[in-house]
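These notes concern the structure reproduced below.
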Amino acid sequence: MSTVAVEYWVSWAGPAVMVVACGLMTVPWRTVRQFALPLVCAFVPMAALVAWFFIGMELFFTPD
């Protein structure tokens, strides 16, 4: 397994952290929570799958 700089992982984690932080800030407002919380809960698994796929392709794919 090749080693990758921390900045690489932060570039993938940063957007997800921002979406989760914005979603958690809306929790006190009931009307906004009805929309924001499901969107955050849908975004996080999808972002993780996309990141897993692209990171795997960038780190382990070697063209012939």
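The values are calculated or read from the model by the stated rules, or taken from the named source; none is laboratory data. Every value quoted in this text rests on a predicted model; they were computed, and no experiment measured them. Only protein heavy atoms, including side chains, enter the accessible area calculation; ligands, DNA and RNA are left aside. Shrake-Rupley method; radii C 1.70, N 1.55, O 1.52, S 1.80 Å.
Give me D for the chain in µm² s⁻¹, whole number, from Stokes-Einstein with Rh from the Kirkwood sum over alpha-carbon pairs, 4 °C and 1.567 mPa s. Please list the in-between numbers first.
On the way: Rh = 13.5 Å.
D, rounded to a whole number, is 96 µm²/s.
Please list the non-local residues whose amide H lies under 5 Å from the amide H of THR26, H modeled 1.01 Å from N, same-chain partners needing a gap of 5 or more.
none
With every protein chain left in place, what is the accessible area per residue of the chain in square angstrom, probe 1.4 Å? Could you put the intermediate results ahead of the total?
Details: 5220 Å² over 64 residues.
Per residue, the chain has an accessible area of 82 Å².
Taking 0.36 nm per residue of separation and subtracting the Cα-Cα distance, what length does fully extending VAL44 through MET25 add? Write down the numbers at each step before the final one.
Values: separation 19, 0.36 × 19 = 6.84 nm, distance 1.57 nm.
Result for the pair: 5.3 nm of gain on full extension.
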